[in-house]
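A.B. asks: Pasting a structure below so you can have a look.
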Amino acid sequence: MSVTWVTVLGATGSIGVSTLDVISRHTQRYAVFALTGHSRMSVLKAQCLAHNPRYAVVANAAQALVLQTHLREARCLTEVLAGGDALEQVAAAESVDVVMAAIVGAAGLRPTLAAVRAGKRVLLANKEALVMSGALFMQAVQKHGAVLLPIDSEHNAIFQCLPLDYARGMASVGVRRILLTASGGPFRDMQAGDLSSVTPEQACAHPNWSMGQKISVDSASMMNKGLELIEASWLFNVRPSQIEVVIHPQSVVHSLVDYIDGSVIAQLGNPDMRTPIAHALAWPERVDSGVSPLDLLTVARLDFRPPDPVMFPCLRLAREAAEVGGTACAVLNAANEVAVEAFLGRRIGFTDIPVIIEHTLESLVPESVQDLDHILLTDRLAREHALNWLTNHR
Ligand code: NDP
Ligand code: MG
């Protein structure tokens, strides 16, 4: 078997680390072409020493110089590059077969699109890229013959529950609706009134999953499920109204597909991102992921309930943006990124997050998307509006 060359964008993060864990179990099968990091330089250095990539990419020239010196001293041959163009370069390089897109937030859009435009197999963890630029992104996948495989556990589950020819359309393959499961996050059993005083530490203490800070806060506000609703509508070409969100506190059923004949197909497993990562890396084959087998007798029960719209207004805001379309989802995403950062920096309270997002959505009239520059301009404008709100409410 010839070796598959992998670039991991966002290698130093939670998904990046899990990806390298799976790769390290199959060194005959996968080799690392490039790893990228942004602030965690000691993690990136250790990863370079362990995986010997051809390239490592960091944010700036100063970081690159330090890392390159350390790697030379350790006799590691990895070449260190810096900046946004370098991210695109290692995502699109000819020798690369697979790109794991695991940079968090809007920063992941350009390199992920570069991988798509180079016709790679793209393992999509960075949901924000698709939320911002859904139509453009999916058109680029078609045009350049990229293979897009979802890493988000719910979307990976849906992918596994759909027939191979699902792109013919949901009606043609007999799908009635998609049931998107949500853990409900750390605040699922709180009262709405208690949410205003929760801390970033509480928001990041997810009951079932270990993840980066931004997605942890998104899970706590349920904006994560809103972004996932938008993500699912683009990935599987379904209307938002065909997607139902269901709270499932055990995070064992990762999502379900409901067919017109009454069959409901689900994918189950322990909550560990190495399962969807291994699935997408090896697809259509299967490889060991290191995840322990699911013991249904230990799980014992699976609960399901509807989300509380009063507790979690972010879910409503995302659904509305998905229905409106155009630039609305890029605005939603940018305002959310600003709000989450402000919450993590203790500049606002948790319940201010949906207020900022709603204010930003109301301030910017949705437009139909023209091109990537239009989306990036929208992202910038929305951030300015959200930041203005912050300044005016200090
Ligand atoms: P982390 O915060 O753990 O990691 C983010 C990665 O992106 C890090 O490698 C970080 O570098 C890098 N990064 C951050 N900012 C920039 C930037 N401006 N330019 C370039 N690189 C940058 O996040 P996660 O791994 O949790 O999530 C990554 C993506 O996957 C997100 O979009 C998330 O929504 C999605 N996802 C994550 C899941 C999970 O279980 N973690 C589940 C489903 C989806 P550094 O750390 O060196 O600063
Ligand atoms: Mg998810």
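The values are calculated or read from the model by the stated rules, or taken from the named source; none is laboratory data. A quick note: this is a predicted structure, and the numbers were derived from the prediction, not measured. When we count neighbours, we look across all protein chains shown, and the Cβ atoms used for this are built from the backbone with ideal geometry, even at glycine. For the accessible areas, the whole protein counts, side chains as well, though only heavy atoms, and no ligand, DNA or RNA atoms are used. Shrake-Rupley method; radii C 1.70, N 1.55, O 1.52, S 1.80 Å.
A.B. asks: Compute, for residue 277, the solvent-accessible surface of its heavy atoms (probe 1.4 Å) with the complete set of protein chains present, and express it in square angstrom to the nearest 10.
C.D. replies: 0
A.B. asks: What does the charge add up to near residue 318, with Lys and Arg as +1, Asp and Glu as -1, over the other residues with Cβ less than 13 Å from its Cβ?
C.D. replies: -3
A.B. asks: Please go through the range 1-108 and write out the GluC sites (Glu not before Pro) that DSSP classes as loop and that have at most 11 other C-beta atoms within 10 Å.
C.D. replies: On the way: sites: 73, 79, 88, 94; in loops: 94.
Answer by residue number: 94.
A.B. asks: Could I ask something else about it? Restricting to DSSP loop positions (anything but H, G, I, E, B) with no more than 16 other Cβ atoms inside 10 Å of their own Cβ, which trypsin sites (Lys or Arg not before Pro) remain in the range 1-87?
C.D. replies: Details: sites: 25, 29, 40, 45, 54, 72, 75; in loops: 25, 29, 40, 54, 75.
Sites meeting the loop and neighbour criteria: 25, 29, 40, 75.
A.B. asks: Here's a follow-up. In square angstrom, what is the accessible area per residue of the range 104-182 with a 1.4 angstrom probe? Mind showing how you got there, number by number?
C.D. replies: Values: 2560 Å² over 79 residues.
I get 32 Å² per residue for this part.
A.B. asks: What list of ³J(HN,Hα) couplings, whole Hz, do you get for the range 188-201 from phi and the Karplus terms 6.51, -1.76, 1.60, once you set θ to phi - 60° and write x for glycine and proline?
C.D. replies: 4, 9, 7, 8, 3, x, 7, 6, 5, 9, 6, 9, x, 4
A.B. asks: Filter the GluC sites (Glu not before Pro) in the range 263-365 down to the DSSP loop ones having no more than 12 other Cβ atoms within 10 Å, then list what survives. Provide the component values of the computation, followed by the final result.
C.D. replies: Numbers: sites: 285, 320, 323, 337, 341, 358, 362; in loops: 285.
Those satisfying the criteria are 285.
A.B. asks: What do the square roots of 5 times the Cα gyration tensor eigenvalues come to for the range 4-151, in whole Å, largest first, as semi-axes of the equivalent ellipsoid?
C.D. replies: On the way: eigenvalues 121, 51, 33 Å².
Those come to 25, 16, 13 Å.
A.B. asks: Report the one residue of 364, 162, 150 whose Cα lies farthest in the direction of the positive end of the charge dipole of the chain (charges on C-beta: Lys and Arg +1, Asp and Glu -1; origin at the Cα centre).
C.D. replies: 150
A.B. asks: Fully extended, how many nm does the chain gain between residue 371 and residue 388 (0.36 nm per residue separation, minus their Cα-Cα distance)?
C.D. replies: Values: separation 17, 0.36 × 17 = 6.12 nm, distance 2.60 nm.
Computed gain between residue 371 and residue 388 is 3.5 nm.
A.B. asks: While we're here: Using the Karplus curve 6.51 cos²θ - 1.76 cosθ + 1.60 with θ = phi - 60°, what ³J(HN,Hα) values do you get for each residue of the range 34-50, in whole Hz, with x for Gly and Pro?
C.D. replies: 8, 10, 10, x, 10, 10, 8, 6, 6, 5, 5, 4, 4, 5, 5, 5, 7
A.B. asks: Within straight cross-link reach of residue 127, meaning Cα distance under 23 Å, which lysines are found once same-chain residues fewer than 8 apart are removed?
C.D. replies: List returned: 143, 214, 225.
A.B. asks: Taking K and R as +1 and D and E as -1, what net charge do the other residues with C-beta under 9 Å from the C-beta of residue 245 add up to? Don't jump to the answer; show the numbers that get you there.
C.D. replies: Values: positive: 225, 319; negative: 228, 244.
With Lys, Arg at +1 and Asp, Glu at -1, the neighbours total 0.
A.B. asks: Still on this structure, please answer the following. Gaussian network model of the chain, Cα springs within a sub-10 Å range: biggest mean-square fluctuation belongs to which of 214, 225, 127?
C.D. replies: The residue with the greatest mean-square fluctuation here is 214.
A.B. asks: Quick check for me: using +1 on Lys/Arg Cβ and -1 on Asp/Glu Cβ, what's the dipole size of the range 4-151 about its Cα centre, in debye to the nearest 20? Write down the numbers at each step before the final one.
C.D. replies: On the way: 13 positive and 8 negative charges, 39 e Å.
Dipole about the Cα centre, nearest 20: 180 debye.
A.B. asks: Measuring from label point to label point, each 7 Å out along Cα→Cβ, what is the residue 75 to residue 244 span in nm?
C.D. replies: 6.2
A.B. asks: Which net charge results for the neighbourhood of residue 162, defined as the other residues with beta-carbon distances under 14 angstrom from its beta-carbon, given Lys and Arg at +1 and Asp and Glu at -1? Mind dumping the intermediate values first?
C.D. replies: Values: positive: 168, 176, 177; negative: 154, 165, 258.
With Lys, Arg at +1 and Asp, Glu at -1, the net is 0.
A.B. asks: Within the chain, what whole-number % of the accessible surface is contributed by carbon and sulfur, with the 1.4 Å probe and all protein chains included in the calculation? Walk me through the numbers on the way to the answer.
C.D. replies: Working: 8810 of 17040 Å².
Solvent-exposed carbon and sulfur of the chain make up 52 percent of the total.
A.B. asks: At residue 26 and residue 308, where each label point lies 7 Å from the Cα along Cα→Cβ, what is the point-to-point distance in nanometres?
C.D. replies: Those two pseudo-labels are separated by 4.2 nm.
A.B. asks: Something else about it: Can you compute log10 of I(q)/I(0) for the range 325-394 with the Debye formula, treating each Cα as one identical point scatterer, at q = 0.12, 0.27, 0.29 Å⁻¹?
C.D. replies: Debye output, listed in q order: -0.28, -1.14, -1.27.
A.B. asks: For the chain, build the charge dipole from Cβ charges (+1 Lys, Arg; -1 Asp, Glu) around the Cα centre, then report which of 95, 375, 215 sits farthest towards its positive end.
C.D. replies: Sorting the options by dipole projection puts first 95.
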